[in-house]
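Presented below is the structure to which this report refers.
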Amino acid sequence: MLKFIHLTDIHLISGGRRLYGVSPERRLHAAIDSINREHGDADFVVMTGDQVHWGDEDSYRILADAVGRLDIPVRTILGNHDNRKVMLATIPGLETDENGFVQFALDTEAGRCLFLDTNIDAQTDAGELCPKRLAWLKTRIESTDQPIIIFMHHPPLKLGLKGMDVIGLLDAEPFFEILKPHLSRIRQIFFGHVHRPISGNWRGIAFSCARGLNHQLALDLDAPETSVPGDFEPPAYSVVLADADQIVIHMHEFMDRSPHFELVAPEGTDGKEYSLHMRHGDWDLMT
């Protein structure tokens, strides 16, 4: 079974600085420690964009040093906060297509994984897949009969979060037209950008989004397009298990410090009493 980690929206800042009062560098190292300790058997980690916050060289150097600690391979694509030119010059081993976009394919036992570059070299947080990138995608889908799994930064659909919906993938329709003849083979789209754990179905295609590492988007379906409300829900990454029959996605809040305990009462104890009254330190597990 293929196992990989979906990690997104790190938003690194150099100089030990904090972003919204939180250290993205420290949270990245906490995620790496967790992955190495708990999921060192994974086939790869995929980081779906916004690796750094300002697109600067110093932050990318911190990223390169940090991910060098991972015990498993890393697949990296761009988000709207990333700078393609600086990232390519700073991060070793990035894969690109023939036009210099950071997108590539990986064949696995669960299907062909396609990693897309939706970054726009302009002053916008929205994403795009220009004709050259769409042509690359079309070729990589049509050149195999394998199932397809897609990774990208920007969501191609509206999520009911108005402030983010206006900065999603601008050319979702041309993107879908390429996928449409192959819907039976498109297994899943993984994306970032939204900083929320969201899953569902878009025109017959399953999708999943993960929380970011530093800050999250608050769930406010009434906020207007001019508002992007944030909060500090726990950071998380996804642990994905996939084979020919299924894709299972576990969201792991890796910095959670609540106690772990057995839900089944130990042998020789009263199951009802254990379930109702078992306590752990300062945690009252009835509350």
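The values are calculated or read from the model by the stated rules, or taken from the named source; none is laboratory data. On a predicted model such as this, the values are computed, not experimentally measured, just so you know. For neighbour counting, all protein chains shown are included, and Cβ atoms are generated from backbone atoms with ideal geometry for every residue, glycine included.
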*Any residue at all in segment 54-70 that is in the same structural domain as residue 250 (by TED's automatic domain parsing), out of contact with any helix residue (DSSP H, G or I) (no Cβ under 8 Å at 6 or more places or on another chain) and β-branched (Val, Ile, Thr)?*
no
*For residue 59, indicate whether it is of a type outside the set (D, E, K, R), touching a strand residue (DSSP E or B) at 6+ places or on another chain (Cβ under 7 Å) and modelled with pLDDT of 95 or more.*
yes
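For (1) surrounded by 13 or more Cβ atoms within 10 Å (Cβ to Cβ); (2) aromatic (Phe, Trp, Tyr), each residue gets a yes or a no:
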| position | (1), (2) |
| --- | --- |
| 202 | yes, yes |
| 206 | yes, no |
| 221 | no, no |
| 235 | yes, no |
| 255 | yes, no |
| 259 | no, no |
_Pairs where the first residue, in segment 183-206, is under 16 Å from residue 50 (Cα atoms) and the second is among the acidic types (Asp, Glu) and assigned to a loop (DSSP other than H, G, I, E, B), C-beta under 6 Å, 6+ apart_ = 192/9; 195/9
*Test residue 121 against the stated conditions and say whether it is surrounded by fewer than 17 Cβ atoms within 10 Å (Cβ to Cβ), under 20 Å from the mean Cα position of the chain (by Cα), in the same structural domain as residue 240 (by TED's automatic domain parsing) and in contact (Cβ under 8 Å) with a residue 12 or more places away in the chain.*
no
_Qualifying residue in segment 80-100 (condition: under 18 Å from residue 167 (Cβ atoms), at pLDDT below 95 and of a type outside the set (Val, Ile, Thr))_ = no
*What number of residues in segment 228-279 are in the same structural domain as residue 108 (by TED's automatic domain parsing), part of a strand (DSSP E or B) and either touching a residue at least 12 places away in the same chain (Cβ under 8 Å) or over 28 Å from residue 43 (Cα atoms) (or both)?*
13
_For segment 158-173: of the residues being touching a residue at least 40 places away in the same chain (Cβ under 8 Å) and either in contact with a Leu (Cβ under 7 Å, 6 or more places away or on another chain) or not in a loop (DSSP other than H, G, I, E, B) (or both), which is surrounded by the fewest Cβ atoms within 10 Å (Cβ to Cβ)?_
160
*Could you list, in sequence order, all residues of segment 124-137 that are of a type in the set (Lys, Arg) and surrounded by 16 or more Cβ atoms within 10 Å (Cβ to Cβ)?*
133
*Is at least one residue of segment 131-153 small (Gly, Ala, Ser) and more than 25 Å from residue 228 (Cβ to Cβ)?*
yes
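Residues are listed down the side, and each one gets a yes or a no for (1) touching a Ser or Thr at 6+ places or on another chain (Cβ under 6 Å); (2) touching a residue at least 40 places away in the same chain (Cβ under 8 Å); (3) surrounded by fewer than 17 Cβ atoms within 10 Å (Cβ to Cβ):
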site	(1), (2), (3)
144	no, no, yes
156	no, yes, no
175	no, yes, no
209	no, yes, no
224	no, yes, yes
*Scan segment 15-50 for residues that are at pLDDT 95 or above, in a loop (DSSP other than H, G, I, E, B) and not acidic (Asp, Glu) and jot them down.*
17, 18, 20, 21, 23, 39, 40, 42, 49
*Mind checking whether some residue in segment 87-107 is buried (at least 22 other Cβ atoms within 10 Å of the Cβ), in contact (Cβ under 8 Å) with a residue 40 or more places away in the chain, assigned by TED's automatic domain parsing to the domain that holds residue 171 and not aromatic (Phe, Trp, Tyr)?*
no
*Can you name every residue in segment 191-227 that is within 30 Å of residue 114 (Cβ to Cβ) and either more than 19 Å from the chain's Cα centre (by Cα) or among the basic types (Lys, Arg) (or both)?*
196, 203, 204, 211
